[in-house]
Amino acid sequence: MWKEIRNREIQLGGNNNSFINRIRSNRSSNLQLSNHKEIISPHRGSINSLQVDLTEGRYLISGASDASLAVYDIQRATEYAGGGLIAKHKPILVVDKQHQNGHKYAISTAIWYPVDTGLFVTGSYDHHINVWDTNTTQVVMDFKMPGKVYRTAMSSLATSHMLIAAATEDVQVRLCDMATGAFAHTLSGHRDGVMAVEWSTSSEWILMTGGCDGAIRFWDIRRAGCFSVLDQSHSQLGRRPPLLKRSTTKVSTSKPSSSGQTSSAKARAPQKKVSSGSGSKHSASSRILKHAKGSAKQRLHPGLLTGQDRATAHYGAVTGLKATEDGMYLLSAGSDSRLRLWDIQSGCNTLVHYEIVRLQSSKATQLAVTQDSAIVFLPCMTSVKAFDVWSGKTNMTLQGHYEYVNCCWYSSHDQELYTGGNDRQILVWSPPKLNSADVDEFGGTGQSSTVDEDNWSD
């Protein structure tokens, strides 16, 4: 780290954003069980869901199988132990089944309203999805579902809708509208229950679902039917170049005219490149929607035309989905003990070979990805595996839980990982704190070099 700081000072490290990204990447690749932060869990059952709010990066919400939920302030400790070295974070809000509006059975999912910590959403095996007012701890909206709720999701980009996507044991995916308190959409296509649901990180209209039938379907919620079904046999090798560096000029494939030359009028004009970071997301989303529109045949449900509707992404249930921050790739986990990386634009399996690990198949799995999309964290029985997204290599194996791990959440604000499991514990994995005993990047002897010395200290 000190080497990176020195390079920036002497202007060897490029722009400041590049420097920040390198520091964050270095911190996230050196996680270890925190010895200075501890979450005091009030749950008496396995922890099924974790999420840090997306606005302040300050409040952690957890849902457990004893029908309880809790909220913690992870930036401000409630007490200190070990001579002030260990910050303990007790819950600032707890709701259990004794609450008048509490769930009756296990809470499978708990998420924050993306733009405000004043609301949060919970889904339960009691067939209900509740929207809560954080300040009053009251349910302001209740959606009755046709079966157990496995996962819920809300788009962090949405400005035109307030939809909660619900994955349940029913074959249909339902979208609950917080603006009206009613079901806005019912998405039909899966042949078994749905365990995973994920909104695109590049378009507020694109939804991705994973079912117990092994299928991953892409939906444009403005149109009927899904527009793509991922097929594990449809593959491509290699990683696509970044969006801003890729040429978008297309070669004309029109038939030659009577004179033997290709008509230039039929050639498609090249698209404009996007120069800003925010614009890249819109460009990525336009590519997805372009694939969704296509010809008149492509706009129909794939199952009405070809055998694509029978395609599977996993040999078994799809238990977890996670999109990368740039919206270009999708990670999926299945009960076949496989982790796969998909190119969203082409729908291809990238064939990145991740280590085969044993995964739970009876419940949904919550994956986590670092902000730079370099590392994916996957709960694997009693441990959490950290894989390099692009090479598939195992970077770390985080062991600390005594029983199965169900969920994990990566906080980009502090580069910390939170994990919850059947042992009813929430563990914090943090980058190591630097001190004077750390190895010196300049001297290499473990002691401070002359670069850091001064003439006025004792």
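Key figures
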{"read-out": "Candidate set from region 396-444 (those that are of a type in the set (Ser, Thr, Tyr) and farther than 16 Å from His43 by Cα); member that is modelled with the lowest pLDDT", "value": "Ser436"}
{"read-out": "Residue, surrounded by the most Cβ atoms within 10 Å (Cβ to Cβ), within region 370-392, restricted to residues that are in a loop (DSSP other than H, G, I, E, B) and touching an Asp or Glu at 6+ places or on another chain (Cβ under 8 Å)", "value": "Ala374"}
{"read-out": "Elements of type strands (runs of 3 or more DSSP E) in region 1-91, at least 1 residues being surrounded by 16 or more Cβ atoms within 10 Å (Cβ to Cβ), polar (S, T, N, Q) and modelled with pLDDT of 95 or more", "value": "47-52, 59-64"}
{"read-out": "Selection within region 155-173 - surrounded by fewer than 22 Cβ atoms within 10 Å (Cβ to Cβ) and assigned to a strand (DSSP E or B)", "value": "none"}
{"read-out": "Number of positions in region 141-154 that are over 19 Å from the mean Cα position of the chain (by Cα), closer than 25 Å to Thr117 by Cβ and part of a strand (DSSP E or B)", "value": "3"}
{"read-out": "Some residue of region 123-135 being crowded, with 18+ Cβ neighbours inside 10 Å, of a type in the set (Phe, Trp, Tyr) and either assigned to a loop (DSSP other than H, G, I, E, B) or modelled with pLDDT under 95 (or both)", "value": "yes"}
{"read-out": "Among residues of region 401-421, those that are assigned to a loop (DSSP other than H, G, I, E, B), in contact with a strand residue (DSSP E or B) (Cβ under 7 Å, 6 or more places away or on another chain) and crowded, with 20+ Cβ neighbours inside 10 Å, counted", "value": "1"}
{"read-out": "Every residue from region 176-223 that is aliphatic (A, V, I, L, M) and surrounded by fewer than 24 Cβ atoms within 10 Å (Cβ to Cβ)", "value": "Met178, Ala179, Ala182, Ala184, Leu187, Ile221"}
{"read-out": "Residues satisfying the stated conditions in region 112-126, i.e. over 19 Å from Ser65 (Cα atoms) and of a type in the set (Gly, Ala, Ser)", "value": "Gly118"}
{"read-out": "Test: residue in region 224-232 that is free of Cβ contacts under 8 Å to residues at least 12 places away in the same chain and aliphatic (A, V, I, L, M)", "value": "no"}
{"read-out": "Region 309-363: number of residues that are in a loop (DSSP other than H, G, I, E, B) and farther than 21 Å from Ile206 by Cβ", "value": "20"}
{"read-out": "Failed criterion for Ile111 (all others in (1) touching a Leu at 6+ places or on another chain (Cβ under 6 Å); (2) outside any loop (DSSP other than H, G, I, E, B) hold)", "value": "(1)"}
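The values are calculated or read from the model by the stated rules, or taken from the named source; none is laboratory data. Because the structure is a prediction, the values reported are computed rather than measured. Quick reminder, even Gly has a Cβ in these numbers, built from the backbone with ideal geometry, and neighbours come from all protein chains shown.
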